[in-house]
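Report on the structure given below.
The values are calculated or read from the model by the stated rules, or taken from the named source; none is laboratory data. Nothing here was measured: the structure is a model prediction, and the numbers come from that model. With ideal geometry, Cβ positions are generated from the backbone for all residues, glycine too; neighbour counts draw on all protein chains shown.
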Amino acid sequence: MKTIWTMAAAAAGAAAYGLTRPSVRATLREDLDTVRRRDPAATNGLVSIVSYPGLHAIWAHRGLHKLWQNDSTKVPARLLSQAVRTLTGVEIHPGAQIGKRFFIDHANGVVIGETAEIGDDVMLYHQVTLGGTSMAQTKRHPTIGNNVLVGSGAKILGPVVVGDNSAIGANAVVVKDVPADSSAVGIPAKVRPKKAARVGAESELPEPLTRTVGAPTYTKYPEFELVDPAIWI
Ligand SMILES: CC(C)(COP(=O)(O)OP(=O)(O)OC[C@H]1O[C@@H](n2cnc3c(N)ncnc32)[C@H](O)[C@@H]1OP(=O)(O)O)[C@@H](O)C(=O)NCCC(=O)NCCS
């Protein structure tokens, strides 16, 4: 019990410290904006902060990924990632490389392997696996491009590449590369041009908000320094 209170106090202290930094606040706002754009049910930022395990998992991962860069902190990173898994139901290996505005909706049962690479604006639903098929210590997990949606229950296995703007259907099992602007559905997944590409429709995703953070104003997504909110979560 004492340990839990100590951890809670440390997290609260780190959160208070983190919030004094404009870049941390900017990252937090961008994350909340992503939730709002990706989930029509998300209407309240405070509720999102408290109740989205997908957010908690990515915040934690950003910190743990930094620990992973240093040989002396690899073991703590791994152990802490397992604690995060227990709390969120999301297992992201600290070695995984994940881009900006990543979002996991209904986060639970998600597994992302060590050598997975994920671009910007990627969204996963629950029960997604970005897994390996080899025991060799090489690149053995998928590479996911920018603006990719991975449906619930989908498994993407091996060092395959999913191209930009593609969608993986719910429950699909992907074992081969998926070209850009495609949909892949079924087991094993069959590739076809994505519906939006077929009809030439624009994305239905709402535009990101313009926000003012501290002194500078940023519009859409600036290349601001990504400082890890996981330091304080
Ligand atoms: C694949 C998906 C992204 C749609 O992509 P799309 O390019 O717009 O594809 P379409 O809707 O035009 O469907 C293309 C074909 O694939 C089929 N299909 C769509 N999703 C499928 C799926 N998950 N599994 C199997 N077949 C699927 C459609 O029936 C259609 O078949 P048809 O050509 O014989 O009629 C979408 O169906 C999907 O699975 N999204 C995931 C959503 C999700 O996980 N939600 C969870 C919320 S909690």
Tell me yes or no: at least one residue of segment 139-147 is of a type in the set (Val, Ile, Thr) and touching a Leu at 6+ places or on another chain (Cβ under 8 Å). yes
Test residue 63 against the stated conditions and say whether it is farther than 24 Å from residue 111 by Cβ and out of contact with any strand residue (DSSP E or B) (no Cβ under 9 Å at 6 or more places or on another chain). no
If we keep only residues of segment 140-197 that are basic (Lys, Arg), near the ligand (Cβ under 10 Å from one of its atoms) and in contact (Cβ under 8 Å) with a residue 12 or more places away in the chain, then the residue farthest from residue 97 (Cα to Cα) is 195
Which members of segment 69-92 meet the condition of being over 12 Å from the mean Cα position of the chain (by Cα) and under 22 Å from residue 51 (Cα atoms)? 80, 81, 82, 83, 84, 85, 86, 87, 88, 89
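In contact with a helix residue (DSSP H, G or I) (Cβ under 9 Å, 6 or more places away or on another chain), at pLDDT 95 or above and among the acidic types (Asp, Glu), is that true of residue 121?
yes
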Give all pairs with beta carbons closer than 9 Å in which a residue from segment 49-71 that is farther than 13 Å from residue 102 by Cα and touching a residue at least 60 places away in the same chain (Cβ under 8 Å) meets a residue that is part of a helix (DSSP H, G or I) and among the basic types (Lys, Arg); count only pairs at least 6 apart in sequence or on separate chains. 64/78
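Looking at 98, 58, which is the one that is of a type in the set (A, V, I, L, M, F, W, C), surrounded by 20 or more Cβ atoms within 10 Å (Cβ to Cβ), within 14 Å of the chain's Cα centre (by Cα) and modelled with pLDDT of 95 or more? Spell out how you get there, then give the answer.
On the way: 98 fails: surrounded by 20 or more Cβ atoms within 10 Å (Cβ to Cβ).
Result: 58 is the single residue among 98, 58 that is of a type in the set (A, V, I, L, M, F, W, C), surrounded by 20 or more Cβ atoms within 10 Å (Cβ to Cβ), within 14 Å of the chain's Cα centre (by Cα) and modelled with pLDDT of 95 or more.
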Can you tell me which residue among 152, 203 is under 30 Å from residue 32 (Cβ atoms), hydroxyl-bearing (Ser, Thr, Tyr), modelled with pLDDT of 95 or more and in a loop (DSSP other than H, G, I, E, B)? 152
Would you check which residues across segment 112-129 are in a strand (DSSP E or B) and within 15 Å of the ligand (Cβ to nearest atom) and list them? 123, 124, 129
